[in-house]
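What follows is calculated from the coordinates using simple rules that are stated; it is not laboratory data. These numbers were taken from a predicted model, which means no experiment stands behind them. A quick note on method: Cβ atoms are made from the backbone with ideal geometry, for glycine too, and the neighbour counts reach across all protein chains shown.
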């Protein structure tokens, strides 16, 4: 008797990897595995989320919902109704993930290293949390998986501060963590025929932040190390192709693009100079140092603006009657914002209702900006200049993310929010009713 194989899906997430970069390197003959794999399916550009930070983008991907439904609005967020901040993690996520839904339907899943999956939730299979986990112990489901991974040299992430202190540390640290992670994933992947599996490569994002500008400038050492890391990723994809069966649809994706960082733009400095924000003292370092009695607007990373609205904020001073006019005024000022040399730094100013809908809409930012490439928006407090630059030489972009699906055709114009719909489609599963995305599969 002939039995049809049930479909399976493998997702490889290459954090922050721009489609244009991969295409250019393939044309140069530097990425043979990428080229071979991509010849067997459809490759399109997708967009990220607003704001385009990894924690928001991957939360949107894994839930298929916008932030007002999953409750992850930024890497750092404020406690509603206060002027204190916290780092949101999986315990703050209020929506169910793709792999939880599949597990509940009897599908076996293997998920490794996706951001905002700590603390780990119960699945039918294995889950290893991503970089927000403080340590490997307590970051896996089931719990005893941590010890097995640790014995194999697995690490949650590099220590980025080592790269800040000395960039020579970055390449060996990235290679050590990447090689241990991919070995561990392949070991687990080969244990059974998983219905759904996902590996997230965070090392690309780290690489781009610290070396993108050096790669573009052809730095005699760091440009070479940059490509060595990427060639290791290419070799890993070659191994993946040899490992998966013909019943597995391979998806390769990124959550946002990347570009060279020209300047960091300190938006709270702009607000202070424009008279929208005031501090309690000259030594301001955080949101808690803002003087609510003299502040109409404050900004959180990376370009999320909150009006100090009476009745919503703890010590709000802007009335509901003043809100609309103030927001319009601010949006106009931001659209016209230029750096010290007269360069335009903001491409789009987006209102909250253009981005968000859902039960957490009330805590969403009032405005979110989309910057001009190269001008990285920052919500740092207490800065004395509008712009600056540190050791980070690469920044995220909303556009230029990538999506590949093997053996299928994809429509253009999608976003990270659409990918779970594709997974449900391939697996023949009915998607939950409250998802915001759409399937991009055309055949």
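General observations
- Cα-based helix-to-principal-axis angle, 222-243 vs the chain, degrees rounded to 10: 40 degrees
- Principal-axis tilt of helix 54-63 within the chain, Cα atoms, nearest 10 degrees: 60 degrees
- The chain: most fluctuating residue of 345, 318, 297 per GNM, C-alpha cutoff 10 Å: 318
- Relative contact order computed over the chain (Cα-Cα under 8 Å; 6+ residues apart), in percent: 28 percent
- FRET efficiency estimate (nearest 0.05) - Cβ-Cβ, residue 260 to residue 150, R0 41 angstrom: 0.65
- Simple label model, 7 Å out from Cα along Cβ direction - residue 36 to residue 323, nm: 5.8 nm
- For the chain, the spread of Cα coordinates along the three principal axes comes to 75, 52, 43 Å, biggest extent given first.
- GNM flexibility winner over the chain from 171, 61, 375 (Cα, springs under 10 Å): 171
- Per-selection Rg to Rh, the stretch 1-140 - Cα, Kirkwood hydrodynamic radius: 1.03
- Each part gets one Cα centre, and for the stretch 383-435 versus the stretch 129-162 those centres are 25 Å apart.
- Sorting 159, 205 from the fewest to the most surrounding beta carbons within 10 angstrom yields 159, 205.
- Distance cut-off 19 Å, percentage of C-alpha pairs in the stretch 95-216 lying past it: 48 percent
- The long axis of helix 320-335 is offset from the longest Cα principal axis of the chain by roughly 70 degrees.
- Remark: the residue 24-residue 443 segment gains 148.1 nm on full extension, using 0.36 nm per residue and subtracting the alpha carbon distance.
- Considering only 230, 21, 75, the Gaussian network model of the chain with Cα springs below 10 Å gives its largest mean-square fluctuation to 21.
- Semi-axes of the equivalent ellipsoid for the stretch 263-388, Cα gyration tensor, largest first, Å: 22, 19, 13
- Residues 259, 55, ranked from the fewest to the most other C-beta atoms within 10 Å, line up as 259, 55.
- Exposure proxy ranking for 418, 373, 247, based on other Cβ atoms within 10 angstrom of each Cβ and starting from the fewest, stands as 247, 373, 418.
- Stretch gain in nm, segment residue 175-residue 433, where the contour uses 0.36 nm per residue and the Cα spacing is subtracted: 88.7 nm
- The stretch 310-443, relative contact order [Cα under 8 Å, separation at least 6], %: 15 percent
- The length gained by stretching the chain between residue 232 and residue 87 to full extension, at 0.36 nm per residue less their Cα-Cα distance, is 49.0 nm.
- In the chain, the DSSP-assigned H stretches of four residues or longer account for a calculated mean residue ellipticity at 222 nm of -9500 deg cm²/dmol, using -39500 (n - 2.57) per stretch and the full residue count as denominator.
- Entry note, the stretch 263-388: relative contact order of 38 percent, from Cα contacts under 8 Å with a spacing of 6+ residues.
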